[in-house]
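Have a look at the structure below before the remarks.
Each value in this text was obtained by applying a stated rule to the coordinates, not by laboratory testing. On a predicted model such as this, the values are computed, not experimentally measured, just so you know. Virtual Cβ from ideal backbone geometry, glycine too; neighbours counted across all protein chains shown.
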Amino acid sequence: MEIVQSIITAVYFIFGGILLFLAGSIVRGRLSVRLNRITGLMLFFAALGPIFLAMGQIVKPNISAAAPFEESIIYNLLYIWELFFPSFLLFSLIFPVDRLSTLHFPKLKYLIFFPHIFHILLVVVFNNPEKVLNLLEVGPGEGFLSLILQPLSYVMKFVVLGFSLLLSSQKSLFSIINLFYIGLAVYFILRGRAQITNRQLRNQSAIIIWGISIATGLYAIAFLLPEIFSYETPDYIQTLIVIAALVIGGGAVGWSIIRHQFLDVSVIVRQSLAYTISSGILVGLYILLVDQADKIITSFFGAKTTIVNIAFIVVALILFQPINQQLDNLIKRLFVRNRTDYRNIMELLSRRLISIFNPEQLRSMIEKTLISALLVDRVYFALFDDKVQEYALLPSDDFREKIVINRDDLLLRGIGQLESPVLLDRLSVYRTGSTLSQELEKRKTQLILPLKDSEHLLGFLALTEKASGFRYNAEDITMLGVMSNQLVTVLTNARLYADSLEKQRLDEELTMARQIQLDLLPKSAPCAESFVISARSLPSRTIGGDFYDFIPRGDGIISMVIADASGKGMPAALLVTQIQAMLRSETANNTEIARILQNINGYIVESTSSEKFVTLFYGEFDQKNQRFRYANAGHNYPILVRSDGTHESLSQGGILIGAFGGAIYQEAIVDLHQDDLLFMYTDGLSEAQNQVEEEYGEGRIIDYVLKNRHLPPELLIDGILQDMHKFDQTEPPRDDTTLVVLKILKGNNRQ
Amino acid sequence: MKLNHYEKDGIAILEPKGKIMGGPDATLLHDQLHEFIEKGKKKVVVDMAQVEWMNSTGLGILISGLTTLRNNQGELKLANVTGKIQSLLTITKLITVFEAFDSVEEAVKSF
């Protein structure tokens, strides 16, 4: 029986110690915060309960029958622990909803301690009313003084008798008061919890509320109710219930501190808390083990042996450190190294975020991580918007409008100079006249987290106050600082990825456009016994602004066109496609070349701005009489090389197409003969440049064509393109290059 | 391209330098011409003496300058057109719409 007692004593001590440590950690973690002070106070008084119980267990056997234990000072000190009940009520007035801040007379709250302080005084000072009464006895008939003292002494006796009456029933009376306090506190807490909307805070408060409520409820069942309704509970049941209440109540507070960041205690404190709990468990196990071993040894040897005890302690001392280490690690793994430890958050964040490229998904993941890691209420994003080339506050659930931030905004420039997260309060020098500051105030921003790569500001996060109401501590700010680097990486990755997707899409579109353009070019050049035509078009980009076409006009007449739109790429290609379509329809309706070009010019002038134009050479070859009629609308002069080696330029026509309305074109006629060669080209050929910025030029073209005029057109084209590439090796080529060559094989000899 | 400008006998003279190639050049010239128009200077001479080279986009810039001024009852004339630019204007037959002079003085006098 004695051993059971000592185990109970040890268990009480351990729990008392853990509760004391909890109280100390909480107060030490955030002394400036009232909630922490009150929670610490509550846990301190809660800790006194088991500690005094343990001390009572030790003292009890030494109390003599003459001075019963129930009346000793130690026993009566036990009542100090009952200050737990008013401090619990005080706690309920501030957690989860702060009701004290709205009080008119804040000092009034201490009144709830009054009954218990009175109670302590009552049991400590008046625990023996007879003694006090004897002191108050005044001898009769001693003159004037006794006349005054007599009635006073009667009054005092009356008061003391009242107290002693109170004392005789104090246990049940204060049990009722304590029960009332518990009921009131649980009521306040539950009402407060109903007002909380934040999911994290609800989880946190649920554990605390149920933990403390169950613990106090158990206490009420074991001690208060029996006292009020005068029935006995067996000692061992009381002890079990006390232990259960301590486990549940203390555990709940500890759990929500470790797991849910209750009271915002820092990681280091949380870790040492885990260490204390593991040590406590280990000491408890040791005591149990020693007890069991003692029993076995006693029954074996028939008596106690000190050597065994010493050996046991030595073994325990050797094993304590490694086992405690393991246990500590286990507890940390289970509780501490979770989403509330920032090293873990970092790890989690990088693993999760690195695979997300969708910017919206990314932002929501960052927001979620911050909310669960720091209990941030809300996170707002301000990022550089590539489209408008400005920073913008992105829309959120509560502020649905995107706010573009003026690049000269003072606060924005202030944020641009930050290197680490900063409380918005600290930026007050930048806030006068800043619209950004007003927007951030609307969003109740407390902390600014700049997102900066090596050179510039990508944007920033605006964090509201924590849902728990705490301000950001140094640990949070360190963590956010480290985290911002990671956020910059993932945000940049996502942007690069989006860019590459966009580029890929554009490339695909361009490839399609290229295909359309190729399809619009003639599949093959017309040819007959008497002539051969070859053509080639090389765009400098995927698509280009050059084109050529052959249109059979019937009656042995073939139209041929070579054209070059100003500019390059997509805009030029669109213009060229338009002209090509018009040519097809105009040649179907008109026989006069000048009219065809005038009409096309009119349309283009109307539909495009004047800096967009096309140079175009249009010719019609009549096979019957081998006559070539043409008009040159501002295009590089085609070169007509005669069989005898003379050459002429086909320059007649008019101004380039699309720049000036009402332009007039004139057609001209040349007769072609056997072995004559007409070389048509665009400026991609003539304006090719070598390294000293010399142009390939018309002169070189004429020379080459003259020298190689006997070659079949296809080979002539190959040859001159090779010659040009030798001259100008720029890749991709500077400009689109198109060549069309007509050669007369057989026909009227020169007359 | 660099773009200087000055005034001579109430005529605005533009002095492009280097290569006229489009992109930022277009905006530069366009903005300068609009500034002239807003100030009521609608007679402009472009001195081509220091223009090394011009591509089709550069040509488009000149054409657009001419039409802009003409739409505002103004006129754009060219001076010191030589070499490649001369032949470019000839081939495209733009020489028929642009009045070109051998010197700035002659161009200014012609107004």
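Among the listed pairs A:Lys523/A:Lys568; A:Lys726/B:Lys2; A:Lys368/A:Lys402; B:Lys42/B:Lys93; B:Lys17/B:Lys109; A:Lys568/B:Lys42, a Cα-Cα separation exceeding 28 Å is found for A:Lys726/B:Lys2; A:Lys568/B:Lys42.
Taking each residue of B:54-64 in turn, how many C-beta atoms of other protein chains fall within 10 Å of its C-beta, and what is the average? Numbers along the way, then the final one.
On the way: counts 0, 7, 16, 6, 2, 7, 10, 2, 2, 11, 6.
Shielding by partners across B:54-64 averages 6.
Neighbours of A:Leu353, meaning other residues whose beta-carbon lies under 14 angstrom from its beta-carbon, give a summed charge of +2 when Lys and Arg score +1 and Asp and Glu score -1. Stokes-Einstein diffusion of chain A at 37 °C, 0.692 mPa s viscosity, Kirkwood radius from Cα pairs, rounded to a whole number: 92 µm²/s. For the peptides A:199-210, B:55-66, A:510-521, the ranking by packing is B:55-66, A:199-210, A:510-521, with the highest mean count of neighbouring Cβ atoms within 10 Å listed first.
The calculated FRET efficiency for the pair A:Val670 and B:Thr90, based on their C-beta separation and a Förster distance of 25 Å, comes to about 0.80. Adding -39500 (n - 2.57) for every DSSP H run of four residues or longer, then dividing by how many residues the protein assembly as shown holds, sets the calculated 222 nm ellipticity at -18000 deg cm²/dmol.
Residues of A:653-661, mean number of Cβ from any other protein chain within 10 Å of their own Cβ, rounded to a whole number? Walk me through the numbers on the way to the answer.
On the way: counts 1, 2, 7, 9, 0, 2, 10, 7, 1.
Mean number of neighbouring Cβ atoms from other chains: 4.
Based on the convex hull around the alpha carbon atoms, the range A:630-714 presents an average projected area of 7.0 nm². Partner aspartates and glutamates whose Cα lies under 17 Å from the Cα of A:Lys442, excluding those fewer than 8 positions away in the same chain, are identified as A:Asp377, A:Asp397, A:Asp398, A:Glu401, A:Asp409, A:Asp425, A:Glu465. Show which lysines lie in cross-link reach of A:Lys109 when reach means a straight Cα distance below 26 angstrom and same-chain residues fewer than eight apart are skipped. Qualifying lysines at Cα under 26 Å: A:Lys171.
Taking the range A:571-604 and a reference point 7 angstrom along Cα→Cβ of A:Met512, the backbone N atoms nearer than 20 Å belong to A:571-578. Within a straight-line Cα-Cα reach of under 19 Å, A:Lys107 cannot be paired with any lysines, leaving aside sequence neighbours fewer than 8 residues apart in one chain. For chain A, what relative contact order do you get, as a whole percent, if you take Cα pairs closer than 8 Å and at least 6 residues apart? That works out to 8 percent. Summing +1 for each Lys or Arg and -1 for each Asp or Glu among the other residues whose beta-carbon sits under 14 angstrom from that of A:Ile196 gives +4.
Loop exposure criterion: GluC sites (Glu not before Pro), DSSP state outside H, G, I, E and B, at most 16 other Cβ atoms within 10 Å. Applied to chain A, the longest stretch between such sites is A:233-400. Note on the range B:1-71: Rg/Rh from C-alpha atoms, Kirkwood Rh, equals 0.94.
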